[in-house]
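K.L.:
Once you've had a glance at the structure underneath, I'll fire off some questions.
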Amino acid sequence: MPTLFDPIKIGDLALANRIVMAPLTRNRASGKKPGPLNVEYYRQRATAGLIITEASQISPMGQGYLDTPGIYNAEQIAAWRKVTDAVHVEGGRIVIQLWHVGRISHTSLLPGGAAPVSSTAQPTKAVTFTREGFVPVSPARALRDDELPGIVADYAHAARCAMEAGFDGVEVHSANTYLLEQFLRDSINDRTGPYGGSIANRARLLLEVMQAVTKAIGAGRTGVRLSPLTSFRGSCAPDSNPQALYDYVIEQLAPLGLAYVHVIEGETGGSRVVEGKPPFDYKVLRAHFPGAWMANNGYSRADALDAVATGHADLVAFGRSFIANPDLVRRLREDAPLNPLRADLLYGGDAEGYTDYPALD
Ligand code: 8OZ
């Protein structure tokens, strides 16, 4: 069996090791694009086998939090090019996470003060982060079916922008109760017609997005992130039958030839074992997929070594430990102690708690 430190080829991407930097929202973009501070942050972490960038909106309507970057216009392409160049100079690989927040947004962040859009107009208890701090999300309106081709096209456009910016690929964010999960879950999606009701209908938008993105840039450069069980900080029930839903999604994705599937196990940022939920078997899910499998959520060194050694996953994505340890790969290899996370400095701010975590030596 390979180890966490062995190289791996996933789709078109040749990675130096199986340690992945998870996508991490940090709210430190300026003017909806990365700047020099963000370039330095990613450069510091380039020894990861793969960096997945912070979630980046595919369109102005896809934004839901203050100071997150986009990947849909020429200015953003030029700004991201500085990030991808810096990571490539260090020998790293980097994909960008493509994000539409759906209803997790606020009118103050959207063009012309527009209402957020979703599969539904039902309210949610979720909060978001604006210029005024944490606030309840604004009421959303339900997208019409005839608006969905435009959203699919926005994902494909963003994927092409990512290639122009020098990324090695993209990861479609279909997790954490943002737009694509707002269609997938029967706890949210109350539509009738081709995008509501049956599992096949609720999965339709995600599958159309994956087809459009893989057609635009190639399946070997495309991954997807899923979170079958998360409640997203207690704001949302999971699907009534997540096993059936995600078995179907993976079965349908398998023939596309994606670079990887990335699964957040359990509660995002919380326990990988979620109590009181329908039983869920990740092995059954994985059995439907022939490509690379990436596991995530609070993995320790020992857990990650075990996951790869036993074949539970091909790669492990680390979030919080990669924030606090730019040289996480070396520390895991040498079993060196990890810097503690400064959780109060996660969202917004400057270099403090961002690029000032020390490396060994
Ligand atoms: C934390 C804060 C804001 C956004 C996610 C993109 O949960 C996020 C996110 C995380 O996927």
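The values are calculated or read from the model by the stated rules, or taken from the named source; none is laboratory data. Predicted model, so just to flag it, every value in this text is computed and none were measured. Note: ideal-geometry Cβ built from the backbone for every residue, glycine included; neighbour counts use all protein chains shown. Just the protein is used for accessible areas: all its heavy atoms, side chains included, with ligands, DNA and RNA removed. Shrake-Rupley method; radii C 1.70, N 1.55, O 1.52, S 1.80 Å.
K.L.:
Which condition breaks for S300 when tested against (1) more than 16 Å from the ligand (Cβ to nearest atom); (2) in contact (Cβ under 8 Å) with a residue 12 or more places away in the chain?
P.N.:
With (1) more than 16 Å from the ligand (Cβ to nearest atom); (2) in contact (Cβ under 8 Å) with a residue 12 or more places away in the chain applied to S300, the lone miss is (2).
K.L.:
Looking at region 254-277, can you tell me whether even one residue there is open to solvent by less than 20 Å² (accessible area, probe 1.4 Å), charged (D, E, K, R) and touching a residue at least 40 places away in the same chain (Cβ under 8 Å)?
P.N.:
No, region 254-277 has no match at all.
K.L.:
Would a scan of region 279-295 turn up a residue that is aromatic (F, W, Y), assigned to a strand (DSSP E or B) and either in contact with a strand residue (DSSP E or B) (Cβ under 9 Å, 6 or more places away or on another chain) or open to solvent by 50 Å² or more (accessible area, probe 1.4 Å) (or both)?
P.N.:
The answer is yes; a qualifying residue exists.
K.L.:
If you don't mind, another one. Identify, from the list P136, P194, P149, the residue that is under 18 Å from I104 (Cβ atoms) and either within 16 Å of the ligand (Cβ to nearest atom) or surrounded by fewer than 18 Cβ atoms within 10 Å (Cβ to Cβ) (or both).
P.N.:
Just a single option satisfies the conditions, and that option is P136.
K.L.:
Sticking with this structure for a sec: Right, A200: within 20 Å of L258 (Cβ to Cβ) and either within 16 Å of the ligand (Cβ to nearest atom) or not aliphatic (A, V, I, L, M) (or both) or not?
P.N.:
no
K.L.:
Given the conditions (1) outside any loop (DSSP other than H, G, I, E, B); (2) at positive phi; (3) of a type in the set (G, A, S), which single one is not true for A244?
P.N.:
A244 satisfies every listed condition except (2).
K.L.:
Would you say T124 is open to solvent by less than 10 Å² (accessible area, probe 1.4 Å), out of contact with any strand residue (DSSP E or B) (no Cβ under 8 Å at 6 or more places or on another chain) and more than 24 Å from I19 (Cβ to Cβ)?
P.N.:
no
K.L.:
May I pose another question? When both residues are 6+ apart or on different chains and their Cβ atoms are under 7 Å apart, which pairs have a first residue that lies in region 93-109 and is touching a residue at least 40 places away in the same chain (Cβ under 8 Å) and open to solvent by less than 10 Å² (accessible area, probe 1.4 Å), and a second that is of a type in the set (D, E) and more than 14 Å from the ligand (Cβ to nearest atom)?
P.N.:
Final answer for the pair search is I94/D168; V95/D168.
K.L.:
Only residues that are away from the ligand (no atom under 12 Å from the Cβ) and in contact with a strand residue (DSSP E or B) (Cβ under 7 Å, 6 or more places away or on another chain): list them for region 153-171, please. Let's see the steps before the verdict.
P.N.:
Taking region 153-171 as the starting set, the residues that turn out to be away from the ligand (no atom under 12 Å from the Cβ) are 153-170.
Listed by number, the residues that qualify are Y155, A158, A159, A162, F167, D168, G169, V170.
K.L.:
Determine which single condition F232 fails, assuming it passes every other condition in (1) within 16 Å of the chain's Cα centre (by Cα); (2) open to solvent by 30 Å² or more (accessible area, probe 1.4 Å).
P.N.:
(2)
K.L.:
Shifting gears a bit: For region 174-187, enumerate the residues that are open to solvent by 10 Å² or more (accessible area, probe 1.4 Å) and touching a Lys or Arg at 6+ places or on another chain (Cβ under 9 Å).
P.N.:
If the condition is that a residue be open to solvent by 10 Å² or more (accessible area, probe 1.4 Å) and touching a Lys or Arg at 6+ places or on another chain (Cβ under 9 Å), then N176, Y178, D186 are the ones that fit.
K.L.:
Which of (1) buried (at least 22 other Cβ atoms within 10 Å of the Cβ); (2) more than 21 Å from I51 (Cα to Cα); (3) β-branched (V, I, T) does V213 not meet, given it meets every other one?
P.N.:
(2)
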